[in-house]
Amino acid sequence: MTFENLRSTKSLKKLNASQLQSLADEIREFLIQSISDTGGHLASNLGVVELTLALHAVFQTPQDKIVWDVGHQAYVHKILTGRKARFSTLRKINGLSGFPKPDESPHDAFGTGHSSTAISAALGLAVARDQTGTFGKVTAVVGDGSLTGGLAYEGLNNAGRAKTDLLVILNDNQMSIGKNVGAVARHLNALRTTQAYLGAKEDVRSILGKLPVIGAPISGGIEAIRDRLKYAILPGVLFEQMGFKYIGPVDGHDISALLKVLRQIKNVKGPVLLHTITTKGKGYDIAEQSPRSYHGVGKFNIETGEAVSPTGKPSYTDVFAKALLRKASSDDKIVAITAAMYDGVGLTKFKERFPKRFYDVGIAESHAVTFAAGLAAGGLKPVVAVYSSFLQRAYDQIIHDVAVQNLPVIFAIDHAGAVAGDGETHQGIYDIAFLSHIPNMTILAPSTAAELPEMLDYAFSLNAPVAIRYPKADAPDDMLPSWQANPNLREGEKIAIVSVGAMLPTSREVVDNLQKSGHNPALFNAGILKPICEHLMKKLEKYDYVFTIEDGVKIGGFGESIKSTYAFAFPDKFPETGTRKELFARYHLDAHNISKRIEAITNGKQKKK
């Protein structure tokens, strides 16, 4: 059977290990060719080809459930479950999601887009199966990077105690997006380097089983000795002490070994943890050598690995990176924190230049924020650089550990607003709403490359919590009047347009459209979103209509904080996959649609909403 002839996962069960390996090679070639055109998560999917094939050869979805932690390694699963023909639409508007999505396919048991959630979700599915009397194996596939997130241990702890049938597969490639850090990574490395682990494990159990037991007191002492020996000799006991049967490590690219162990595990009762060792980027040399760079990619040249048609313009991330380096060069109290995303948030050069002032805490956003609070309480000046959608995971810590104590933690919020490609789970449209009602918090939004460094300087001067939000986009190089006054960029009458941060190019286009229609709108640039600028409010009093344009949600957004406004923002709905331009058009946040709405309202043809 060839890849072209594959119609369903049922046919995999008829193939031997050699045939499955040939299929794996074809799938890798397809992934490289397809993702080079669409962009997407490349290295993580290349690393799980054999594991995914083995899972589908042994189990049968959708009766058996597979929950993919994060989900960016589920492309092979999607290919095998009938979605190969749609791969040219991957991460495009109305196309195939880059993450598991239950309403896309019944084979996607649970929607996952953020890290460390799979074990908890899989346990819920397993318990629901038991209570409803249905059948099927439930498996959670968890990357070792996800084990730096505390939620993974909450799931492990309860799964071990629940004693229900559950399989957790640890996909260990020594990476999350970047290199894994911390004690968990060191422990897993010890497991990887234990050569004859399975043989040693059985030998030790045999020896321990033959130790003499004479009377209850001595028996108790022997049990204590056994436990100490197990901790000393068997690294996998960490999981066993949590209630799991630990099996591994197993070569995650050896189809024969995977098939054998999965068939054995299939009928094992209770929670089992299978530890597999894989290589991120497997089969594409460029990605193997630089898995961090090829974790998530845009279009690229397969021969060279180079990105296709980069704009060459500095992004907001680039501008932030340079500005932070400049500040840190003159102030040794400035430290930078990332949650396994130092490249994506612009901290690569900071890490190289100030290694003792750089902290990668792994995929642990809640810890990152409270850790930053501790650093601030100790007299340092921490900057937490994080994607907007990931900051949501630390909401409680922002309130209780930073804002209540009014500690000077700066949040550099990247990927704010609409985010291209990654769909519902990664949209950064909620930060204004969930931060704006937090006391002591200042929120800033640069609209140009020049404003971001100025805002960073201002943030450090406040000695209080500050959030600076900006999108994954090129930063305009316009020179504007001082953003601190929320300046009037254009005089006008009757209509006022208030632009929020990176929506300034769209707002200017709206103004141009309205001018062509005979209106004379004023344009304001809102750089400070919280606290609301009283100077701006006074200026707006003379206008009959005030329209705000922002790349955040309408409910709880900036527009709602200004009374008597017409707010253009995202509605109470999860935006799908698409480019920023496509999402703005779909939700009527492009200049054409905004202009039409304003004309309708100001001409009395539409009621205020």
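The values are calculated or read from the model by the stated rules, or taken from the named source; none is laboratory data. Predicted model only: the values in this text are computed from it and were never measured. Glycine also receives a Cβ, built like all others from the backbone with ideal geometry; neighbour counts cover every protein chain displayed. Each accessible area value is taken on the protein alone, full model and side chains, heavy atoms only, with ligands, DNA and RNA left out. Shrake-Rupley method; radii C 1.70, N 1.55, O 1.52, S 1.80 Å.
Data for the structure
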{"item": "Selection within the range 118-139 - touching a Lys or Arg at 6+ places or on another chain (Cβ under 7 Å), assigned to a helix (DSSP H, G or I) and over 15 Å from residue 168 (Cβ atoms)", "result": "none"}
{"item": "Check on residue 164, β-branched (Val, Ile, Thr) and modelled with pLDDT under 90", "result": "no"}
{"item": "From 440, 463, residue being touching a residue at least 24 places away in the same chain (Cβ under 8 Å), closer than 14 Å to residue 398 by Cβ, in contact with a Pro (Cβ under 6 Å, 6 or more places away or on another chain) and open to solvent by 30 Å² or more (accessible area, probe 1.4 Å)", "result": "440"}
{"item": "Exclusive hit being over 23 Å from the mean Cα position of the chain (by Cα) and of a type outside the set (A, V, I, L, M, F, W, C), set 338, 278, 317, 304", "result": "304"}
{"item": "Odd one out for residue 587 among (1) modelled with pLDDT of 90 or more; (2) under 23 Å from residue 451 (Cα atoms); (3) within 27 Å of the chain's Cα centre (by Cα)", "result": "(2)"}
{"item": "Output for the range 471-522, where each listed residue is open to solvent by less than 10 Å² (accessible area, probe 1.4 Å), assigned to a strand (DSSP E or B) and in contact with a helix residue (DSSP H, G or I) (Cβ under 8 Å, 6 or more places away or on another chain)", "result": "495, 496, 497, 498, 499, 500"}
{"item": "Filter result for residue 547 (in contact with a Phe, Trp or Tyr (Cβ under 7 Å, 6 or more places away or on another chain), over 16 Å from residue 432 (Cβ atoms), open to solvent by less than 20 Å² (accessible area, probe 1.4 Å) and not acidic (Asp, Glu))", "result": "yes"}
{"item": "Breaking point among (1) without any contact (Cβ under 8 Å) to a residue 40 or more places away in the chain; (2) in contact with a Leu (Cβ under 6 Å, 6 or more places away or on another chain); (3) in a helix (DSSP H, G or I), for residue 54", "result": "(1)"}
{"item": "In the range 273-291, the residues that are buried (at least 21 other Cβ atoms within 10 Å of the Cβ) and among the hydrophobic types (A, V, I, L, M, F, W, C)", "result": "273, 274, 287"}
{"item": "Exclusive hit being touching a Pro at 6+ places or on another chain (Cβ under 9 Å), modelled with pLDDT under 95 and assigned to a helix (DSSP H, G or I), set 78, 84, 13", "result": "78"}
{"item": "Members of the range 382-397 that are modelled with pLDDT of 95 or more, under 15 Å from residue 552 (Cβ atoms) and either open to solvent by 10 Å² or more (accessible area, probe 1.4 Å) or among the basic types (Lys, Arg) (or both)", "result": "387"}
{"item": "Lone unmet requirement of (1) within 30 Å of residue 459 (Cα to Cα); (2) open to solvent by 60 Å² or more (accessible area, probe 1.4 Å) for residue 574", "result": "(1)"}
{"item": "From 560, 582, 550, residue being in contact (Cβ under 8 Å) with a residue 40 or more places away in the chain, of a type in the set (D, E, K, R) and assigned to a helix (DSSP H, G or I)", "result": "582"}
{"item": "Flag for residue 252 being farther than 25 Å from residue 415 by Cα, crowded, with 21+ Cβ neighbours inside 10 Å, at pLDDT 85 or above and small (Gly, Ala, Ser)", "result": "yes"}
{"item": "Qualifying residue in the range 41-48 (condition: open to solvent by 20 Å² or more (accessible area, probe 1.4 Å) and either touching a helix residue (DSSP H, G or I) at 6+ places or on another chain (Cβ under 9 Å) or in a helix (DSSP H, G or I) (or both))", "result": "no"}
{"item": "When residues of the range 306-341 are limited to those that are open to solvent by 70 Å² or more (accessible area, probe 1.4 Å) and among the basic types (Lys, Arg), the one modelled with the lowest pLDDT", "result": "313"}
{"item": "Qualifying residue in the range 60-75 (condition: open to solvent by 20 Å² or more (accessible area, probe 1.4 Å), assigned to a helix (DSSP H, G or I), farther than 20 Å from residue 363 by Cα and modelled with pLDDT under 95)", "result": "no"}
{"item": "Boolean, residue 303 is of a type outside the set (S, T, N, Q) and open to solvent by less than 40 Å² (accessible area, probe 1.4 Å)", "result": "no"}
{"item": "Residue pairs meeting the criteria (Cβ under 6 Å; at least 6 apart or on separate chains; first within 16 Å of residue 340 (Cα to Cα), in the range 106-117; second outside any loop (DSSP other than H, G, I, E, B) and hydrophobic (A, V, I, L, M, F, W, C))", "result": "116/151; 116/152"}
{"item": "Check on residue 531, out of contact with any Lys or Arg (no Cβ under 7 Å at 6 or more places or on another chain), open to solvent by 10 Å² or more (accessible area, probe 1.4 Å) and either modelled with pLDDT under 90 or closer than 28 Å to residue 456 by Cβ (or both)", "result": "yes"}
{"item": "Tally, over the range 123-155, of residues that are open to solvent by less than 10 Å² (accessible area, probe 1.4 Å) and within 14 Å of residue 271 (Cα to Cα)", "result": "6"}
{"item": "Scope the range 99-122; condition more than 21 Å from residue 367 (Cβ to Cβ) and open to solvent by 20 Å² or more (accessible area, probe 1.4 Å); matching residues", "result": "101, 102, 103, 104, 106, 107, 109, 110, 111"}
{"item": "Identity of the residue in the range 590-603, open to solvent by 30 Å² or more (accessible area, probe 1.4 Å) and either in contact with a helix residue (DSSP H, G or I) (Cβ under 9 Å, 6 or more places away or on another chain) or at pLDDT 90 or above (or both), that ends up nearest to residue 529 (Cα to Cα)", "result": "590"}
